[in-house]
Amino acid sequence: LLLPIQLVWLELIVHPTASLVFEADPPDEDLMDRPPRRPGSGLLDRAAVVGSVAQGLSLSAGVIALYLVSLDTMGVGQSRAVAFVAMVVGQTFLVMSQRSPTRPAWRTPLAGNKAILPVVVATLATLPLLMYLVPLADAMHFSPPDASGWITAIAVGLVSTIWMEPFKRRGAQSAGRAGKTSS
């Protein structure tokens, strides 16, 4: 599905995107009101690990399914392109999603993070360049998808990552109730 050149692009673009966004995020307002972690506890709790694995598996399954299904109607170059678009869109939304463990992405304010809009726009803007600039498309082994390919790829990228967002609120409410009953 992914060629080495595509993996290199993902490493050069997607991972720095996440780093720049997370580093520029201001601390949560209630950070100093939270109790400290217990000594010996890991950096991530079980719920965070399970959620991250579930989101990663969901995005992977969506991208692979899109690629396999699209092979029946498109050539290999277009199938790779739509799968790649779905992966980058999904990864970008995962960055937005992971900014808050308790609030859905659409309720996590962008204000205070000067990097998020330029980084996300730059990341997503590279996709049409990779598809339509012939030297880049040839190097990446992509054939430009048609409009329905773009729409499907964006939908798969979003749906395969957004499904977990409503659970954040429920988890936050449960954690809040647990904290109130123990005090």
Pull up the range 96-122, narrow it to residues that are open to solvent by 10 Å² or more (accessible area, probe 1.4 Å) and of a type in the set (Val, Ile, Thr), then point me to the one that is nearest to Ser19 (Cα to Cα). Val119
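I want to confirm something. Restricting to the range 33-51 and keeping residues that are open to solvent by 100 Å² or more (accessible area, probe 1.4 Å) and either of a type outside the set (A, V, I, L, M) or touching a Cys at 6+ places or on another chain (Cβ under 6 Å) (or both), which single residue is farthest from Ser160 (Cα to Cα)?
Pro39
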Can you tell me how many residues within the range 34-66 are free of Cβ contacts under 8 Å to residues at least 60 places away in the same chain, farther than 30 Å from Gly149 by Cβ and assigned to a helix (DSSP H, G or I)? 4
The range 1-30, subset acidic (Asp, Glu), modelled with pLDDT under 85 and loosely packed, with under 11 Cβ neighbours inside 10 Å, residue nearest to Arg99 (Cα to Cα): Glu23
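The values are calculated or read from the model by the stated rules, or taken from the named source; none is laboratory data. Because the structure is predicted, anything quoted here is derived from the model rather than measured. Neighbour counts are summed over all protein chains in view; Cβ atoms, including those assigned to glycine, are modelled from backbone coordinates with ideal geometry. Side chains are part of the model used for accessible areas, which takes the heavy atoms of the whole protein and leaves out ligands, DNA and RNA. Shrake-Rupley method; radii C 1.70, N 1.55, O 1.52, S 1.80 Å.
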